[in-house]
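The values are calculated or read from the model by the stated rules, or taken from the named source; none is laboratory data. Nothing here was measured: the structure is a model prediction, and the numbers come from that model. Heads up, the Cβs are rebuilt from the backbone with ideal geometry, glycines too, and the neighbour counts pull from every protein chain shown.
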Amino acid sequence: MNSGQMIFTQVMDVMPLKTFHRCVSRYNGDFSVKQFTCLEQFRVMAFAQLTYRESLRDTVTCLRAQTSKLYRMGIRSKVSKSTLADANEVRDWRIYSDFAHHLIGVARKLYQKDQLAIDIEQTVYALDSTTIDLCLSVFPWAHFRTTKAAVKLHTLIDLKGSIPTFIHISDGKLHDVNILDELPIEAGSIYVMDRGYVDFERLHRITRSMAYFVTRGKSNFRFERIYSNPVDKNTGLICDQTIKLSIPATAKSYPDKLRRVKFRDNETDKVLVFLTNNFELPAKTIADLYKQRWQVELFFKWIKQNLRIKTFYGTSENAVKTQIWIAVSIYLMVAIIKKRLKIDASLYTMLQILSVSVFERTELNQLLAFCDYKSRATENLNS
């Protein structure tokens with residue numbers, strides 16, 4: 001990194017500009033635009049994310065206080081609240097969605113050699129969603145309940161590095177199980193999800209795609225036991241069974257055999273029942289895989305705490321999706337920096353340092369390498 005550049009510029013240098021411009025061209029983002037291009041919009045929104053700005057006015061005020069530095073930050077046009085608001089309202093959010101998906105590919109390659117907590121060869125994904133509450137009178141398009149609005153962030157993360165590989169933004173009314181229709185299935189991979197995703201017809205699609213799933217069994221599902229495998233009850237396992245669904249409707253939806261693993265969690269003293277189509281892994285590994293699903297919960301907690309997606313800068317659907325996708329892009333860019341510069345600090349720590357250092361002129365790796373602070377809450381997620 002060039003020590004003559006500002007920290008903000010060095011972070012933005014991670015952007016593959018040719019790819020970004022292709023995304024802009026794909027949706028005519030800069031059509032008839034003379035000033036304040038999509039790239040400048042991204043950089044201004046990135047500044048807001050990195051420095052924890054709470055509103056467009058807050059963002060613009062801070063940038064205007066540093067007018068002499070804007071050119072070197074790649075912001076060549078005059079920044080005003082109305083210009084930024086208009087850009088977020090009318091420029092297609094898919095520009096930033098496509099760009100984020102490219103960054104996902106870059107980040108996954110960097111983290112693919114990371115080891116899971118479980119010794120397993122297959123790629124393991126965790127699927128879940130989080131709800132971001134909104135005001136119904138301000139966001140009427142995101143209708144959720146009678147007096148509430150919300151958007152849902154449906155996310156599939158690769159448990160190696162906690163990198164999101166699939167994100168779908170919907171209104172709050174979309175049931176989680178419907179997202180399985182949109183999910184790209186990779187043969188040989190394992191998909192871990194909670195019992196809100198139990199729909200046997202959709203789960204059978206995963207089986208037909210030569211992939212595996214691990215989920216929780218609902219209390220009311222009926223089955224016939226075909227065979228019981230011996231288990232070591234000292235590990236918390238209660239039973240490991242091969243079953244078939246017994247209710248005609250569900251048996252028609254999922255005609256193949258299933259594996260039922262019953263497990264007592266010694267930490268919580270809860271008895272959990274897991275369903276999977278994987279008959280090869282040890283029963284204890286199935287239970288351990290489900291426990292790893294909580295990494296997606298940590299991801300949601302982390303991103304809500306550290307990126308600006310709880311307070312939105314615009315009220316239209318396009319503005320909200322634009323802000324979310326740029327927030328995800330910043331998360332991925334910092335994750336890429338962490339790996340390329342071999343930084344030991346967590347992503348939380350890195351963002352805290354960047355938030356107060358964006359205008360400094362020092363080498364980025366030097367700034368981050370001397371950090372020895374670790375956040376216990378995020379250490380497992382970003383170590």
* To do: State which residue is surrounded by the most Cβ atoms within 10 Å (Cβ to Cβ) when the search covers only the stretch 105-121 and only residues that are among the small types (Gly, Ala, Ser) and outside any loop (DSSP other than H, G, I, E, B).
  => ALA107
* Quick one: HIS168 ticks every box in (1) in a strand (DSSP E or B); (2) touching a residue at least 60 places away in the same chain (Cβ under 8 Å) except a single one, so which number is it? => (2)
* Asked: Considering only the stretch 226-251, how many residues are under 17 Å from ASN278 (Cα atoms) and touching a strand residue (DSSP E or B) at 6+ places or on another chain (Cβ under 7 Å)?
  -> 13
* Asked: Do we have any residue at all in the stretch 193-210 that's under 30 Å from ILE324 (Cβ atoms), modelled with pLDDT of 90 or more and β-branched (Val, Ile, Thr)?
  -> yes
* Give the stretch 340-362 a look and list any residue that's in a helix (DSSP H, G or I), buried (at least 16 other Cβ atoms within 10 Å of the Cβ) and of a type outside the set (A, V, I, L, M, F, W, C), or say none. => TYR348, THR349, GLN352
* Asked: Looking at ILE243, ILE238, ILE206, which one is assigned to a helix (DSSP H, G or I) and either in contact with a His (Cβ under 8 Å, 6 or more places away or on another chain) or of a type in the set (Val, Ile, Thr) (or both)?
  -> ILE206
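Yes/no per residue for (1) of a type in the set (Asp, Glu); (2) surrounded by fewer than 12 Cβ atoms within 10 Å (Cβ to Cβ):
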position: ARG216; (1), (2): no, no
position: ASN234; (1), (2): no, yes
position: ILE243; (1), (2): no, no
position: TYR254; (1), (2): no, no
position: LYS262; (1), (2): no, no
position: GLU267; (1), (2): yes, yes
position: LEU275; (1), (2): no, no
position: PRO282; (1), (2): no, no
* Asked: Within the group THR59, THR155, THR146, THR83, which residue is in a loop (DSSP other than H, G, I, E, B) and either surrounded by fewer than 21 Cβ atoms within 10 Å (Cβ to Cβ) or modelled with pLDDT of 90 or more (or both)?
  -> THR146
